[in-house]
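Asks: Mind having a look at this structure? Questions to follow.
The values are calculated or read from the model by the stated rules, or taken from the named source; none is laboratory data. Bear in mind the structure is a predicted one, so any value in this text is a computation, not a measurement. Neighbour counts run over all protein chains shown; Cβ positions are idealised from the backbone, glycine included. Just so you know, the surface numbers come from the protein's heavy atoms only, side chains and all, with ligands and any DNA or RNA stripped out. Shrake-Rupley method; radii C 1.70, N 1.55, O 1.52, S 1.80 Å.
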Amino acid sequence: MFSRILIANRGEIALRIIRAAKSLGIESVCVYSTADAHGPWLQQADQAICIGDAPSADSYLRIDRIISAAEITNSEAIHPGYGFLAENAHFAEVCKDSGFAFIGPSSEAMALLGDKVSCKNLARKTGTPVFPGTDDAIEDTEEAVEVAQSIGYPVIVKAAAGGGGRGMRIARDETQLREGIESARQEAAAAFGDGRVYIEKFLEQARHFEVQVIGDSHGNAVHLFERDCTSQRRHQKLIEEAPAPGVDRKKRDQVVESAAALIRRANYSGAATVEFLMDHDQNFFMLEVNTRVQVEHPVTEMITGIDVVAEQIRVASGEPLSVKQSDISVNGHAIECRINAEDPDRGFMPQAGLIEDWRPPGGPGVRLDSHATVGYRIPPNYDSMIGKLIVHGPDRATAIARMRCALDEFTVGPIRTTIPLHRRLMDYQPFIDARFDIHYVERWLEEPAAQA
Ligand code: ADP
């Protein structure tokens with residue numbers, strides 16, 4: 001096992017990794033930008049090193065400085081967290097070539113699963129359900145038109161190298177498809193330096209269902225069941241829960257097992273998430289694989305009792321997974337609300353500034369993963385998420401009731417946050433009944449009740 005690791009990230013995920021490292025008896029080193037010089041999480045680290053100015057391009061994305069910091073501090077491994085360099089195969093390779101273990105998959109496995117076309121092809125071999133569409137990147141537009149006709153419109157044109165919703169076009173007829181292929185190609189080439197696009201069936205109404213998986217370097221791979229992330233706004237997740245409510249057990253088991261088979265086939269070591277859309281009839285279609293720890297990993301931890309981040313560190317050090325599939329079961333229900341410093345009444349405008357009031361909730365089954373405290377000044381440079389409120393209960397109704405209490409207790413000021421919005425959503429009947437699809441929050445936000 002490592003004795004010291006470097007954390008190439010900030011905020012709540014840096015703190016989460018510090019905590020996992022401490023629990024394993026490992027020291028942690030944080031790198032930070034000048035904007036984060038007073039970041040409360042740095043006090044929990046054993047060492048902290050400034051690597052540059054506030055813009056991420058001058059600090060958290062500077063591979064050369066992160067590697068230097070790891071050398072200076074005699075760190076043995078580097079944890080990228082999520083965002084920033086977490087899905088950058090080049091960074092994973094540089095870490096390895098510089099003699100540091102990368103706490104994540106090999107650059108090869110990351111590239112294989114990170115490319116949506118190669119990932120989809122591998123998924124077909126392991127019985128992981130995928131959308132009908134073109135098998136490979138489109139070379140001939142006429143062939144794509146034929147495929148679209150055979151699967152039926154609407155279809156979606158997507159970039160093989162896509163991310164962050166870029167390079168996607170919905171096409172409802174042949175004219176839109178021809179235009180969509182061209183414009184998606186151009187956008188993907190400009191954004192990712194890779195203009196390959198493919199098409200798949202477009203689902204108008206769906207739920208977001210994803211599977212937490214984790215593999216080691218000894219050929220083992222397990223799934224930690226699923227999460228439902230249907231409560232979104234503009235493709236940004238707001239609320240995540242585990243397990244997914246109302247899903248047929250047999251269908252669920254097939255999908256979660258196929259997700260584990262996929263990463264086993266890719267010789268994948270580390271944590272990953274296989275994302276799916278689920279239609280009305282509970283048919284599943286893989287969207288993509290995220291080759292890192294996700295923001296919403298705590299709901300999985302609450303229902304399985306497994307520390308996903310500690311497991312990541314363990315497997316990166318060469319140890320086998322500490323759990324077998326037969327040891328893993330679902331206990332109760334967990335819900336996470338992302339607490340963002342945003343003003344929902346003003347178009348979710350990000351709120352920077354001083355936190356003067358911070359009274360976190362407590363009680364049975366309540367967990368708060370946050371780096372914020374009274375006196376913390378939120379810098380304007382990064383993501384607006386200042387914490388995650390997670391509750392666990394024996395069933396979904398109890399978890400919702402606990403979340404209502406926790407949100408009522410949670411007081412933050414004077415900056416505005418998404419806490420009141422979450423509180424109102426907890427009383428919204430479609431959420432309570434889990435009768436929802438990925439656009440229901442957006443529709444609800446148009447209603448007067450959402451603004452109350
Ligand atoms: P990115 O990597 O850019 O985030 P994803 O493949 O994860 O791209 O898709 C982003 C979002 O686009 C999904 O969460 C979903 O809302 C929508 N989407 C993507 N593919 C489809 C599809 N075939 N049908 C319906 N919606 C889709």
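Asks: Just to verify a number: what accessible area does R233 come out at with the full protein assembly present, 1.4 Å probe, Å² rounded to tens?
Replies: 40
Asks: Say the cut-off is 29 Å between C-alpha atoms; which of K96/K251; K96/K388; K125/K251; K22/K125; K120/K251 go over it?
Replies: K96/K251; K96/K388; K22/K125
Asks: Please give me, ordered by residue number, the GluC sites (Glu not before Pro) of segment 86-162 that lie in loop per DSSP and have at most 14 other Cβ atoms within 10 Å.
Replies: On the way: sites: E87, E93, E108, E139, E142, E143, E146; in loops: E87, E139.
Of the GluC sites (Glu not before Pro), the ones in loops of segment 86-162 whose Cβ has at most 14 other Cβ atoms within 10 Å are E139.
Asks: At 7 Å along the Cα-to-beta-carbon direction for both Q282 and D58, put a label point, then send me their distance in nm to one decimal.
Replies: Between Q282 and D58, the simple spin-label model gives 5.4 nm.
Asks: Assuming a viscosity of 1.567 mPa s and a temperature of 4 °C, what translational diffusion coefficient in µm² per second does Stokes-Einstein assign to segment 74-190, Rh being the Kirkwood radius over Cα pairs?
Replies: 80
Asks: What area, in nm² and to one decimal, does the C-alpha convex hull of segment 193-325 cast on average over all directions? Could the numbers behind the result be given before it?
Replies: On the way: hull surface 37.0 nm².
For the Cα atoms of segment 193-325, the hull's average projected area reads 9.2 nm².
Asks: Using alpha carbons only, how many angstrom separate the centre of segment 314-360 from the centre of segment 11-54?
Replies: One Cα centre to the other: 17 Å.
Asks: Now a separate question. Cα centroid distance between segment 100-150 and segment 200-227, in Å?
Replies: 15
Asks: Ignoring everything but the protein chains, give the 1.4 Å probe accessible area of F436 in square angstrom, nearest 10.
Replies: In the full protein context, F436 sits at about 20 Å².
Asks: Same structure again: Could you list which residues have their amide H under 5 Å from that of F202, counting only those 5 or more apart in sequence or on another chain, with H placed in the peptide plane?
Replies: Here the answer is V155, I156, since their amide H atoms fall under 5 Å of that of F202.
Asks: What whole-number value in Å² describes the accessible area per residue of segment 219-334 for a 1.4 Å probe?
Replies: Accessible area per residue, segment 219-334: 35 Å².
Asks: Counting only protein heavy atoms and a 1.4 Å probe, tell me what percentage of segment 62-216's accessible area is made up of carbon and sulfur.
Replies: 48
Asks: Express the Stokes-Einstein translational diffusion coefficient of segment 4-103 in µm² s⁻¹, to the nearest whole number, given a Kirkwood radius over alpha-carbon pairs, 25 °C and a viscosity of 0.890 mPa s.
Replies: 189
Asks: Let me ask something else. Let's see if you can work this out: charge +1 on each Lys and Arg Cβ, -1 on each Asp and Glu Cβ, no other charges. What is the dipole magnitude of segment 1-148 about its Cα centre, in debye to the nearest 20?
Replies: 920
Asks: What figure, in Å² to the nearest 10, do you get for the accessible area of V293 with a 1.4 Å probe and non-protein molecules left out?
Replies: Surface accessible to solvent at V293 totals approximately 0 Å².
Asks: Ok, one more. Going by a ≥ b ≥ c, the root eigenvalues of the Cα gyration tensor, does segment 295-452 fall in the rounded group (a/c under 1.5), the prolate group (a/b larger than b/c) or the oblate group?
Replies: oblate
Asks: Relative contact order (percent) for the chain, with alpha-carbon contacts under 8 angstrom and 6 or more residues of separation?
Replies: Worked out over the chain, it gives 14 percent.
Asks: Per residue, how much accessible area does segment 68-140 show when a 1.4 Å probe rolls over the protein heavy atoms, in square angstrom?
Replies: That works out to 41 Å² for each residue.
Asks: With the contact rule set at Cα under 8 Å and sequence spacing of 6 or more, what percent relative contact order holds for segment 60-126?
Replies: Rounded, it is 27 percent for segment 60-126.
Asks: In a solvent-free Debye calculation with one equal scatterer on each Cα, what is log10 I(q)/I(0) for segment 233-296 at q = 0.28, 0.29 Å⁻¹, listed in the order of the q values?
Replies: -1.44, -1.45
Asks: Under the classification rounded if a/c is under 1.5, otherwise prolate if a/b is larger than b/c and oblate if not, where does the chain fall, given a ≥ b ≥ c as square roots of the Cα gyration tensor eigenvalues?
Replies: Details: a/c = 1.40, a/b = 1.15, b/c = 1.21.
Here the chain falls in the rounded category.
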